[in-house]
Amino acid sequence: QHCFSKADDGFLYCEGLKVQEVLDYVEKRPFYLYSKPQISRNVKAYHEALEGLDYIIGYAIKANNNLKILEHLRQNGCGAVLVSGNELRLALRAGFDPTRCIFNGNGKLLEDLVLAAKAGVFINVDSEFDLENIVTAARIAETKVNVLLRINPDVDPQVHAYVATGNKNSKFGIRNEKLQWFLDEVKAYPTELKLVGVHCHLGSTITKVDIFRDAAELMVKFIDQIRAEGFEIKYLNIGGGLGIDYHHTGAVLPTPMDLINTVRALVVSRDVKLIIEPGRSLIANTCCFVNRVTGVKTNGTKNFVVIDGSMAELIRPSLYGAYQHIELISPPSPSAENSTFDVVGPVCESADFLGKDRDLPTPAKGTGLVVHDAGAYCMSMASTYNLKMRPPEYWVDENNNVAKIRHGEKFEDHLKFFEDL
Ligand code: LLP
């Protein structure tokens, strides 16, 4: 069951609600529309996949940091994965249990590490200097920090270079030839550090689960090696990264069940608690970015649908050449001809496109148009370029009621940065 689908009447629905009705009801600007039940269903798929194991689902807050969504994920049994002090503050605000939160990053700041140490979250060690900072943070916070070593496994995730993280030349993690140094170092700081696990994260948009098994096989070898040194390793964190069906071709992609099944035996064999860090696969498909068509034009050999949303609100196509499915939310008029269009925004550069070469019925001005799978890394990466203020967010709940879950940014918000200067 998927939350956004076209019904026989030719209209797009979010759960039981016509997206057109939402469009008519909200303020006249682009907005993000989520399905709250789809978020629950996505989490449930992970809980079902993980049944019988001891586990933490650490939702990667960077994918989407809407406070209402975070509270909902927490209520559905998620922990959280954080990459900054502010994400940690937000997680605490959303009520996440700190002992189910993990602080990641290759450049964690000392002040944020102190906050993390005080909160009692797990901290992943990324480098020599990071370890030094964690020791300092533990002393300042007067506490012992539970750490995991982030291993750089050199497994190729076969994804866009910008979202690959587990290759040996990436900036993330510790290479195995340095492992002994880290073990000795942890032993040297028994008051500050407790080594409880190992972590790896291969990359994002991964669509082959074998890759996770390759990594998990390496990771259990590290666990064996580290245990042989007398450490009590309790956690295996295999990161996030499961891809989703952005192309809507009906291709069968691996599910959370497929992912967990490829690593389950390894996890059981080493008697560890499994930590996973999904972002995209929990939230991407729960949302559409909803726009209005401003007009249609032709230049040279190109046809353009110009919409009110842009790369400012949704940058993935511009930044990664990412494909996100686009469709009109209402049935086309009988006279509308199909053409191939670039779907572009009003921002003043040619990188400003949401989709290229899309086959669409020629839309009338004001027609609603959605960019699918916009729940992950869209709003959280939005900017105010060209002073396009960040859009409001809404969700449709179990009773097909729509509610605002984030205010849209206003021009006045921009002026606030200059008050009293
Ligand atoms: N854990 C770590 C350590 C990560 O770096 C990430 C994502 C995740 C978990 C969650 O990965 P996911 O399950 O969402 O794939 N902006 C890019 C994606 C960047 C991913 C960064 N790290 C995009 O729009 O595709």
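Here are a few things to note about the model shown:
- Filtering segment 374-414 to residues that are crowded, with 19+ Cβ neighbours inside 10 Å and in contact with a Cys (Cβ under 7 Å, 6 or more places away or on another chain) leaves 374, 375, 396.
- Of all residues in segment 1-47, those satisfying the criterion of being closer than 29 Å to residue 262 by Cα, open to solvent by 40 Å² or more (accessible area, probe 1.4 Å) and free of Cβ contacts under 8 Å to residues at least 40 places away in the same chain are 44, 47.
- Number of the condition not met by residue 106 [criteria: (1) in contact (Cβ under 8 Å) with a residue 60 or more places away in the chain; (2) open to solvent by 50 Å² or more (accessible area, probe 1.4 Å)]: (2)
- Residue in segment 329-341 that is under 17 Å from residue 378 (Cβ atoms) and surrounded by 16 or more Cβ atoms within 10 Å (Cβ to Cβ) present: no
- Segment 48-75 residues that are in a helix (DSSP H, G or I), paired with ones that are of a type in the set (Ser, Thr, Tyr) and within 15 Å of the ligand (Cβ to nearest atom) (beta carbon under 7 Å, 6 or more apart): 62/380; 63/377; 63/380; 73/59
- Listed by position, the strands (runs of 3 or more DSSP E) inside segment 307-388 whose residues that are farther than 25 Å from residue 406 by Cα number at least 2 are 338-344, 353-361.
- Qualifying residue in segment 129-137 (condition: within 26 Å of residue 166 (Cα to Cα) and within 16 Å of the ligand (Cβ to nearest atom)): yes
- Screening residue 141 against (1) under 24 Å from residue 229 (Cβ atoms); (2) in contact with a helix residue (DSSP H, G or I) (Cβ under 8 Å, 6 or more places away or on another chain); (3) away from the ligand (no atom under 16 Å from the Cβ); (4) at pLDDT 90 or above leaves a single unmet condition, (1).
- If you filter segment 171-193 down to residues that are within 13 Å of the ligand (Cβ to nearest atom) and open to solvent by 30 Å² or more (accessible area, probe 1.4 Å), you find that the one that is farthest from the chain's Cα centre (by Cα) is 171.
- Only one of the numbered conditions (1) more than 16 Å from the ligand (Cβ to nearest atom); (2) surrounded by fewer than 22 Cβ atoms within 10 Å (Cβ to Cβ); (3) of a type in the set (S, T, N, Q) is not met by residue 255, and that is (1).
- Residues considered: 90, 82, 115. Of these, the only one that is over 27 Å from residue 410 (Cβ atoms), open to solvent by 40 Å² or more (accessible area, probe 1.4 Å) and free of Cβ contacts under 8 Å to residues at least 60 places away in the same chain is 115.
- Boolean, residue 60 is under 22 Å from residue 313 (Cβ atoms), within 12 Å of the ligand (Cβ to nearest atom), under 15 Å from the mean Cα position of the chain (by Cα) and buried (at least 24 other Cβ atoms within 10 Å of the Cβ): yes
- Reported count of residues in segment 258-281, each being outside any helix (DSSP H, G or I), over 17 Å from the mean Cα position of the chain (by Cα) and within 15 Å of the ligand (Cβ to nearest atom), is 1.
- For residue 377, the conditions (1) within 26 Å of the chain's Cα centre (by Cα); (2) of a type in the set (Ser, Thr, Tyr); (3) closer than 16 Å to residue 12 by Cβ all hold with the exception of (3).
- Top-ranked residue of segment 282-298 - restricted to ones that are of a type in the set (Ser, Thr, Tyr) and assigned to a strand (DSSP E or B), ranked as surrounded by the fewest Cβ atoms within 10 Å (Cβ to Cβ): 298
The values are calculated or read from the model by the stated rules, or taken from the named source; none is laboratory data. Computed from a predicted model, the values in this text were never measured in an experiment. Here the Cβ is made from the backbone with ideal geometry for all residues, glycine too, and neighbour counts use every protein chain on show. The area values use the complete protein model at the heavy-atom level, side chains included, leaving out ligands, DNA and RNA. Shrake-Rupley method; radii C 1.70, N 1.55, O 1.52, S 1.80 Å.
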